[in-house]
Every structure is written in C-alpha cells, then in structure tokens.
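Reading through the structure tokens given below for one structure.
The values are calculated or read from the model by the stated rules, or taken from the named source; none is laboratory data. The model shown is predicted, which means the values in this text are computed figures rather than measured ones. Cβ sites come from the backbone with ideal geometry, for glycine too, and all protein chains shown count toward neighbours. Calculation scope for accessible area: heavy atoms of the full protein, side chains included, ligands and nucleic acids excluded. Shrake-Rupley method; radii C 1.70, N 1.55, O 1.52, S 1.80 Å.
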Amino acid sequence: MDASRTALTVPAEETLDPDDWSAVEELSHRIVGDAVGYLRAVRDRPAWQDVPAGVKAFFEAPLPRSPSPLAEVYREVAENVMSYPMGNIHPRFWAWYMGSSNFTGALGDFLAAIQGSNLGGGNHAAGYMDQQVVNWCKEMIGFPAAASGTLVSGGSMANIIGLAVARNAKAGIDVREHGVAAIGKPLRFYGSDQIHSCHRKAMEALGLGNRALRRIATDAALRIDLAALRTAIAEDRAAGFQPACVIGSAGTVNTGAIDDLRALADLAEAEDLWFHVDGCIGALITVAPANAYRVAGIERADSIALDPHKWLHAPFEAGCALIRDATAHWGAFAVTPEYLEKTTRGIASANWLHEYGLQTSRGFRALKVWMALKEHGIEKFGRLIDQNIAQAHDLTASIEAEPLLELVAPTNINIVCYRYRPRGMGAAALKALNTEIMLRLQEEGTAVLSDTTVNGEHCLRVAINNHRTRRSDLDLLIRETLRIGGEIAETGIAG
Ligand SMILES: Cc1ncc(COP(=O)(O)O)c(C=O)c1O
C-alpha cells in the first residue's frame with residue numbers, strides 16, 4: 001500500500017492533555033488566586049443564598065458534544081457553582097453536622113487528583129500514606145497499633161464497615177459463604193433511641209433488617225439507659241434471639257449526648273457482645289485536652305466509626321473505620337481474584353487496601369488529611385474542638401439568660417437545641433414560629449441552622465463544628481433570633 005495514503009486515513013491520536021500547557025498554567029494560577037480570595041472573603045458573603053431560577057436552568061443544559069475553551073468552562077463554574085455554595089465553610093453555618101473544610105486540605109485534594117492514584121492498593125507512596133493516616137487515627141483514639149482500619153467516604157460507610165465485621169464475627173456461621181438466612185438465631189443489635197439513621201440503613205443493607213436494631217430508651221441526659229439495655233438483652237435471649245452487638249454513640253446527632261462508653265464496654269464484655277462506637281461526632285474529642293474525659297472508654301471498642309470531614313475539617317469526603325481485630329476486618333471483605341494477585345516485587349507487592357472494605361477503586365483521601373495534620377499538628381485540632389465546645393456552652397448560657405429563649409435539651413458538647421418561646425403558645429404554633437425563624441435566618445444570609453425534635457419538642461439546632469466561628473457570630477445569632485421572633489410575634493408569619 002502507498003505510505004502517503006495510509007498517513008491520510010489514520011486519524012491523529014487524541015489526548016485529554018492541553019495543547020498549550022502555558023495557557024493552562026496561567027489559567028490555573030488565576031483559579032488558585034480566585035480560590036484564595038474566595039476563602040479569605042468567606043465571612044463577607046451570605047451564609048447561604050437561594051439558587052436563582054436562571055442558575056437552576058443552567059444545570060439543565062444538554063450533554064456537551066463539542067469542545068469549549070477551558071477559560072469559558074471555568075467562567076461558567078465561577079458564576080453558577082461557586083456563587084451558590086451550601087455554605088458550610090461559612091463561620092455562621094451550624095446546620096446538621098459537618099466540618100468547615102480548609103485550604104490545605106483542598107490543595108491536598110487537588111494534588112491527589114493530579115497524581116490520580118487508585119487506592120485500591122499497590123506499592124506506591126499514596127498507599128503507604130493511606131495506611132499512615134489510618135495509623136494516626138488509631139493513635140488519636142488510643143487504639144492499639146495492631147488494630148486495623150480503612151479510610152472510607154464518611155461516617156455512614158465507616159459504621160457499615162464496623163457493623164459488617166460485627167455481624168460476621170457474631171453470626172456463628174460463615175455469613176459470607178452462606179448468607180444471613182443460614183444464621184441459627186436471628187442477631188440483635190442495640191443502640192439508643194438517639195442513634196443516627198445510617199445505622200438503620202446499615203442493618204437493612206447487611207440483610208439483618210431494621211427490626212434487628214433495638215432502640216433503647218435514653219435517660220434525662222439522652223444517653224442510653226443501661227438498665228433498659230440489660231433488660232432488652234435478657235428479653236431477647238429468652239425469646240431465642242442472639243444478642244450480637246451494642247452500638248455506643250460518642251455524640252448523638254440530635255444533642256451530642258455521649259453514652260457511658262466505659263459502662264457499655266463492661267456490659268459488652270459481660271454479655272459477650274461486639275462493642276461498636278459511632279464516633280462520627282465525638283471520637284476525636286480524645287485529642288481535646290479539656291474534654292477528652294467525656295469519651296473515656298472509647299479505646300475499649302471492638303470497632304469505631306470516625307469522621308475526619310467533621311472535626312478534622314477535611315474537605316468532603318473522609319471517614320475512617322477502625323477495627324480492633326485486624327484478622328476479623330480482613331476476613332470480612334478480602335477477596336483475591338486472579339487479576340488482583342499479589343506479587344513479591346513490583347507494584348502489586350504491597351497490601352491490597354480494597355480488601356478492607358466494599359470499594360475496589362478508592363480515591364486518595366489520605367493526602368488532604370495528612371497535609372492539614374502536618375501543617376497544624378493534632379494539638380491545634382484538639383484546641384479547636386475545645387473551642388467549639390466552649391462556644392456551645394457560652395451560647396447555652398446566653399440562651400438561658402434570655403426570657404424569650406428556651407433551651408430544649410441539655411448541651412453536652414457542641415450542639416445546642418433551643419427555641420424562641422413567647423408566653424402561652426401551643427406546640428404547633430411554636431414549631432411554625434421557630435421554623436420561620438430558621439428559614440428567615442437562612443434566607444437573609446445571616447446563619448444556617450437546622451431543626452429537630454427532642455423528647456417530642458421541636459427546636460432549632462446549632463451544631464458548632466466550625467473553626468471559623470467566633471463568639472460574636474453566636475451573639476449575632478441570639479440577637480437575630482430575638483429580632484425575627486419578635487417581628488413574627490407582632491405581624492404573624494405571613495407578614
Ligand atoms: C452520629 C453520626 N453518625 C453517623 C453520621 C453519618 O456520617 P456521614 O454523614 O459522614 O456519612 C453522622 C452525620 O452527621 C452522625 O452525626
């Protein structure tokens with residue numbers, strides 16, 4: 001065949017790399033500059049603002065088929081995405097429960113993506129760093145060095161990892177081989193009636209069913225009632241169930257209540273139960289000098305879920321499951337297909353990290369956590385945790401000093417539940433009034449709170465997991481709650 005004709009018919013090979021690296025470099029400098037400015041000015045922007053209809057419509061544009069210049073792509077992102085954030089990096093964002101991220105962590109995410117490594121495992125630096133961060137998490141909690149662990153997407157996944165190992169360890173059969181239907185006596189798990197909803201999802205996904213998780217009543221401090229727990233376990237044994245696992249909450253989502261972890265560890269030992277701690281909120285209080293005593297006993301758990309994207313402020317996502325018995329952990333997930341066999345040398349000669357969880361491909365989550373820990377040191381993170389807890393207690397004192405405000409639940413750590421309460425108003429009207437206060441605070445861009453119901457009482461909920469919050473922000477919250485509450489009381493919700 002004629003060589004010149006072949007050259008004409010073979011299409012040029014393509015790549016996603018830019019044609020002009022210097023233009024990309026220039027644009028990248030601009031993006032980084034904008035990002036620094038964005039973070040530096042976060043306090044000056046509204047805590048939240050609604051997404052305009054035009055911006056919502058932007059996200060309905062069809063699949064792009066032809067190219068656009070990267071500068072134009074970035075302009076669209078800056079305009080439509082960066083302008084309408086959730087707001088959890090704002091100093092007055094206290095809704096639900098999430099950390100407030102940090103610039104160093106964002107650089108870590110960027111570099112992780114640039115390197116692009118897959119943390120399914122292998123003999124490369126990212127894999128070793130992943131293990132190092134897990135080891136650091138063990139050290140923070142006071143877990144033995146021989147324990148095992150894995151970085152996952154967040155607390156929900158960390159809990160399901162711990163509970164899966166618990167199920168397999170207590171099933172009495174090889175559940176992986178035979179399935180839950182072959183378990184002789186139905187397993188029972190226990191947690192307080194304040195337990196996070198992810199445990200329900202976990203029980204369902206593990207094939208045990210929601211009813212296998214018995215919710216135990218709580219005491220006046222919203223901690224699991226130990227006597228009620230003992231009774232439930234005895235009842236279940238008598239009824240032919242197999243009590244398998246007790247889940248302690250180190251910080252409940254509603255009020256931050258911390259179960260008596262030492263007592264739960266003793267009880268689990270006496271009853272031969274697996275002891276899992278949901279420490280998504282509070283496990284890291286272990287590093288906070290003024291408050292570490294609150295989570296004493298956590299180090300005795302068989303498994304722990306913790307969340308670096310909360311009090312280590314890692315950009316989403318980063319969770320961590322720790323399992324005391326490394327063999328049980330590996331045994332719950334390891335599969336070695338022929339295409340993932342280990343070698344004695346080369347890239348496949350290190351641990352396969354996918355053998356410790358459900359994902360095969362895994363992102364390089366460790367870098368963002370590692371860089372922020374190296375930059376600040378764990379002692380600073382400990383002080384920031386103490387700072388948030390002190391702020392929550394100050395806010396509580398301010399609420400208690402205001403006749404029109406009412407504390408709805410005891411403040412334990414960094415979560416404050418309160419409401420605006422004029423005299424003589426019924427429950428439904430109070431809920432409507434406080435919901436309206438919450439919505440106006442959001443819509444005016446002042447602060448983002450969420451709400452919940454504790455012991456049947458609706459309330460506003462302030463979860464201070466935020467390294468940017470200052471006491472003056474909380475003073476503003478009090479003033480604005482009173483102002484908006486007063487306005488609504490005068491003019492009604494519609495007014
Ligand atoms: C006590 C508790 N457990 C579990 C979770 C779930 O964690 P994630 O949102 O990281 O999946 C949360 C989330 O706030 C939580 O507060």
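Would you mind telling me the share, in percent, of accessible area of the chain contributed by carbon and sulfur at probe 1.4 angstrom? Summing carbon and sulfur atoms, their accessible area is 54 percent of the total for the chain. For the chain, the share of DSSP beta bridges that are antiparallel, to the nearest 5, is 55%. For region 344-445, the equivalent ellipsoid derived from the Cα gyration tensor has semi-axes of 46, 20, 12 Å, listed largest first.
On full extension, the segment bounded by GLU139 and HIS178 gains 10.4 nm, given 0.36 nm per residue less the C-alpha separation. What the phi angles of region 203-208 give under the Karplus curve with 6.51, -1.76 and 1.60, with θ = phi - 60°, is a coupling list of 4, 5, 5, 7, x, 8 Hz, glycine and proline written as x. On the beta carbon distance between THR491 and ALA326, with R0 = 45 Å, the FRET formula returns roughly 0.10.
Taken about its Cα centre, the chain carries a charge dipole of about 940 debye when Lys and Arg each add +1 at the Cβ and Asp and Glu each add -1 at the Cβ. Amide H contacts of SER153: GLY319, each under 5 Å away and 5 or more positions distant or on a separate chain (H built 1.01 Å from N in the peptide plane; Pro and chain starts excluded). Cβ-Cβ distance of LEU439 and ALA401, R₀ of 22 Å, FRET efficiency by 1/(1 + (r/R0)^6): the value works out to about 0.30. Restriction of the trypsin sites (Lys or Arg not before Pro) in region 1-98 to DSSP coil positions whose beta-carbon has at most 16 other beta-carbons within 10 angstrom yields ARG65.
Along region 62-77 the Karplus relation, 6.51 cos²θ - 1.76 cosθ + 1.60 evaluated at θ = phi - 60°, assigns HN-Hα couplings of x, 3, x, 10, 10, x, 10, x, 4, 4, 6, 4, 5, 4, 5, 5 Hz to successive residues, with x for each Gly and Pro. Taking every alpha-carbon pair under 8 Å whose residues sit at least 6 apart, region 359-495 reaches a relative contact order of 23 percent. Here, region 188-304 is characterised by an Rg to Rh ratio of 0.95, where Rg is the alpha-carbon radius of gyration and Rh the Kirkwood radius.
Please sort by residue number the chymotrypsin sites (Phe, Trp or Tyr not before Pro) in region 92-160 whose DSSP state is loop and whose Cβ has at most 16 other Cβ atoms within 10 Å. Loop-located and lightly packed - TRP96. Of all aspartates and glutamates in the structure, the ones whose alpha carbon falls short of 19 Å from that of LYS56, not counting any fewer than 8 places away in one chain, are GLU72, GLU76, GLU79, GLU443. Is the shape of region 75-119 rounded, prolate or oblate, going by the alpha carbon gyration tensor and its root eigenvalues a ≥ b ≥ c, with a/c under 1.5 for rounded and a/b larger than b/c for prolate? Oblate, because a/c is 1.5 or more while a/b does not exceed b/c. Each residue of region 110-121 is assigned a 3J(HN,Hα), and the resulting list reads 4, 5, 4, 6, 5, 5, x, 5, 9, 8, x, x Hz, derived from the Karplus form 6.51 cos²θ - 1.76 cosθ + 1.60 (θ = phi - 60°), x at Gly and Pro. Probing with 1.4 Å while keeping every protein chain in the model, the per residue accessible area of region 28-70 equals 79 Å².
Rolling a 1.4 Å probe across the protein heavy atoms gives region 85-233 an accessible surface of 41 Å² per residue. Quick one: grab the alpha carbon gyration tensor of region 246-369, order the square roots of its eigenvalues as a ≥ b ≥ c, and give me rounded if a/c is under 1.5, else prolate or oblate depending on whether a/b is larger than b/c. Oblate is the answer for region 246-369, as a/c is 1.5 or above yet b/c matches or exceeds a/b. Put simply, the amide H of LEU187, placed in the peptide plane, has neighbours under 5 Å in GLN242, leaving out anything fewer than 5 places away on its chain.
Extents of the chain, taken as max minus min of Cα coordinates on every principal axis and listed largest first, are 94, 62, 41 Å.
If you sort the three axes of the alpha carbon gyration tensor as a ≥ b ≥ c, you get a/c of 1.5 or more for region 1-144 and a/b no higher than b/c, which makes it oblate.
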